[in-house]
Amino acid sequence: MRKLLFLLAFSVVIPTQAQDYTKLSAHLSQLVRQQPSAAAARGPLPHPILRLMTTTDGLSATTFAADYGCQVVDSIGRIYIVSIPLSQVAPLSMDRRVERIEAERMPRPAMDVTPGQVNATQVYAGTDLPKAFTGRGVAAGVFDCGFDFTHPAFLDAEGNLRAKYYYNFLWPNDDGTLGHALQTTEEIAEYGHSQYVNSSLHGTHVMGTMAGSAVDGKYQGMAPEADLYVADFNSQRSDFSNPDEHTSATAVLGFKYLFDQAEKDGKPCVVNFSSCESITLTRQRSLEAEALLQLVGP
């Protein structure tokens, strides 16, 4: 049975009729369970709140609008963006043609509360531990792309940069080769940020999550006093279309540079690599089988 998905926006009118809560997402269920007096005291919401709805073939976008007084704003394939009063959520949930109505809050920055939620604050304090652990004396390594070393999350309490090592895979050398390491904090500070990408975002985000200093007293990473060691492949996505230039071996080489430098500096090292590959294991095995057949013949 083919299904349609609807994205809904509503104004605040709390329904009093029966509704099927099993069809509603958690946040939407919470809204419709509120007492009318609470909604009246709060007044109308300043902006619409978006909804997702799954229906069966018996309810088209046109019929949906006619039956429930909704306005279809736009659609993407079978996903519809619809403006609908909150008062219609209850009758919609009781419509046998409606399978699911969803709405959750938008994601928001959470690094101001995450350390407490994962008990990192107890680790910082040394609660029930031999000592406090904040990353001091440890090399926090990241193999990623796009670093901004001017970001306040990379500075210590005195305003000094915490980066101790930076390897740039696309740094052009005088002999025509690529790849160069900066091995002092002063050199890294002068360099400033990745040079060959449109922005210095992803590596900055990952390193901040792993080992960022507190900014304005919050948004602190997991190891806020660790030394920062960076391997920057410093490339656009299109650079990875040529397997002769970038493969998994590039990452392994970056890991080796980070671990070797940390060992040279006498520090334990932990490396983060945030990456993914869309090829599935099944497809990988199929490719390997095809290659084997080419080698041995029919």
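The values are calculated or read from the model by the stated rules, or taken from the named source; none is laboratory data. Remember, predicted model here, so these are calculated numbers, not experimental data. Don't worry about glycine lacking a Cβ; one is built from the backbone with ideal geometry, like all the others, and counts go over all protein chains shown. The accessibility values were calculated without ligands, DNA or RNA, using every heavy atom of the protein model including side chains. Shrake-Rupley method; radii C 1.70, N 1.55, O 1.52, S 1.80 Å.
Considering only residues that are closer than 18 Å to L258 by Cα and either modelled with pLDDT under 80 or aromatic (F, W, Y) (or both), which ones fall in region 193-242?
The answer is Y229, F233, N234.
Just for region 147-168: of the residues that are of a type outside the set (F, W, Y), within 23 Å of the chain's Cα centre (by Cα) and within 19 Å of V271 (Cα to Cα), which one is surrounded by the most Cβ atoms within 10 Å (Cβ to Cβ)?
Checking each candidate, the answer is A153.
On the given criteria, is G159 outside any strand (DSSP E or B) and farther than 20 Å from L258 by Cα? I'd like the intermediate steps shown before the answer.
On the way: outside any strand (DSSP E or B): yes; farther than 20 Å from L258 by Cα: yes.
Against the criterion (outside any strand (DSSP E or B) and farther than 20 Å from L258 by Cα), G159 qualifies.
Residue check, D144 against (1) open to solvent by 70 Å² or more (accessible area, probe 1.4 Å); (2) over 26 Å from T121 (Cα atoms); (3) of a type in the set (D, E), all met but one. Which one?
Condition not satisfied by D144: (1).
If I ask for residues that are open to solvent by less than 70 Å² (accessible area, probe 1.4 Å), over 14 Å from A223 (Cβ atoms) and assigned to a helix (DSSP H, G or I), which ones from region 110-132 would you list?
G116
So W171 passes all but one of these: (1) open to solvent by 50 Å² or more (accessible area, probe 1.4 Å); (2) part of a helix (DSSP H, G or I); (3) modelled with pLDDT under 95. Which condition number does it fail?
The single condition W171 does not satisfy is (2).
Where residues in region 174-191 are surrounded by 13 or more Cβ atoms within 10 Å (Cβ to Cβ) and among the small types (G, A, S), which of them is nearest to F154 (Cα to Cα)?
Out of the qualifying residues, it is A189.
Return the residues of region 133-155 that are part of a strand (DSSP E or B) and touching a residue at least 60 places away in the same chain (Cβ under 8 Å); say none if nothing qualifies. Before the answer, list the steps.
First, pick out the residues of region 133-155 that are part of a strand (DSSP E or B): 139-144, 148, 155.
Matches in region 133-155: A139, A140, G141, V142, F143, D144.
Select, from A189, A181, the only residue that is modelled with pLDDT of 90 or more, of a type in the set (G, A, S), within 23 Å of A223 (Cβ to Cβ) and in a strand (DSSP E or B). Talk me through it step by step, then tell me what you get.
On the way: A189 fails: in a strand (DSSP E or B).
From the options A189, A181, the qualifying one is A181.
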